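Right, one structure below, let's go through it.
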Amino acid sequence: MLVAAIQFAPRFKAVEANLAQMVALVETAIDRGARLIVLPELCTTGYSFMSRAEAAPFAEALNTWEEGGLSFKRMQALAGNAQVAIVWGLVEKYTGRDKRYGSLYNSQVLMPPKGAYHVHRKINLWGNDYLWATPGTENPPVVELFGKRVGIVICKDIRDHTGDNSKEYYEPGDADIVCLSASWGDGEFPSGRWIKFAKSNQVHLIVSNRYGQEGANNFGEGGICIVHPDGQVDCEGLVWSEPCIVYAEV
């Protein structure tokens, strides 16, 4: 199966422009034959929110047709029409009927070609996350997809595997592929954390990342790849500080 990791620099708060770039890059990956396509952390909005009040107007209530669910609708349509799976990051407004109602999360969505979507809410917050996001409390899901077990994880959650309310996120045998949506920061490519994760959990790790300066945050020149269970790294097609796609067979 061909998988794809996408790199681009979201423009802060420019949701429509970011969605247009996301769609164009996903369509390029689809045309190449990719079945599982991964986009960066918070790629619909950018990263550098300074408060909950600033982030709230850009939050999406998942699986609704109300205003603010734009990326959900577009990714759902793309995945269904092309029979692919897409993973991306967004600001989520929680609408479940429990005490978390109205909470904002740094979330990652796995949209399959049909059926229910799956979501992971970042547990180990970093930087601006602390200013607006509620930490998640649930381990990332593992989904049967195209004959593989596919998991998802957000940025720092791969560096610190254990949250206050979590067991180890992944252990060998849990998944065949894990999709990492990241805003990794400047330097360290490929990260030893990525390689350690892939080898210790015996998974193919698809690393999608962003680049560029955004407010006080320096995301450097980016860096995307697919790390295999033996530690081999595929990064052919990576272009520093430009939108690009890396592919690999898994």
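The values are calculated or read from the model by the stated rules, or taken from the named source; none is laboratory data. Computed from a predicted structure; not experimentally measured. Virtual Cβ from ideal backbone geometry, glycine too; neighbours counted across all protein chains shown.
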With the checklist (1) touching a residue at least 60 places away in the same chain (Cβ under 8 Å); (2) within 19 Å of Gly231 (Cα to Cα); (3) in contact with a Phe, Trp or Tyr (Cβ under 9 Å, 6 or more places away or on another chain) in hand, flag the one item Phe219 doesn't pass.
(2)
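For residues in the stretch 84-102 being in contact with a Lys or Arg (Cβ under 8 Å, 6 or more places away or on another chain) and at pLDDT 95 or above, which is surrounded by the fewest Cβ atoms within 10 Å (Cβ to Cβ)?
Within the stretch 84-102, the match that is surrounded by the fewest Cβ atoms within 10 Å (Cβ to Cβ) is Val84.
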The residue that is nearest to Leu90 (Cα to Cα), considering only those in the stretch 190-214 that are in a loop (DSSP other than H, G, I, E, B) and free of Cβ contacts under 8 Å to residues at least 40 places away in the same chain, is Ser191
Those residues of the stretch 143-183 which are part of a loop (DSSP other than H, G, I, E, B), modelled with pLDDT of 95 or more and not polar (S, T, N, Q), in sequence order
Phe146, Gly147, Ala175, Asp176, Ala182
Quick test for you: out of Ala53, Ala77, Ala9, Ala4, pick the one residue that is modelled with pLDDT of 95 or more and assigned to a helix (DSSP H, G or I).
Ala53
Matching residues, the stretch 121-138, being in contact (Cβ under 8 Å) with a residue 60 or more places away in the chain, crowded, with 20+ Cβ neighbours inside 10 Å and either more than 12 Å from Glu41 (Cβ to Cβ) or among the aliphatic types (A, V, I, L, M) (or both)
Trp132, Ala133
Which count do you get for residues in the stretch 215-250 that are β-branched (Val, Ile, Thr) and assigned to a loop (DSSP other than H, G, I, E, B)?
3
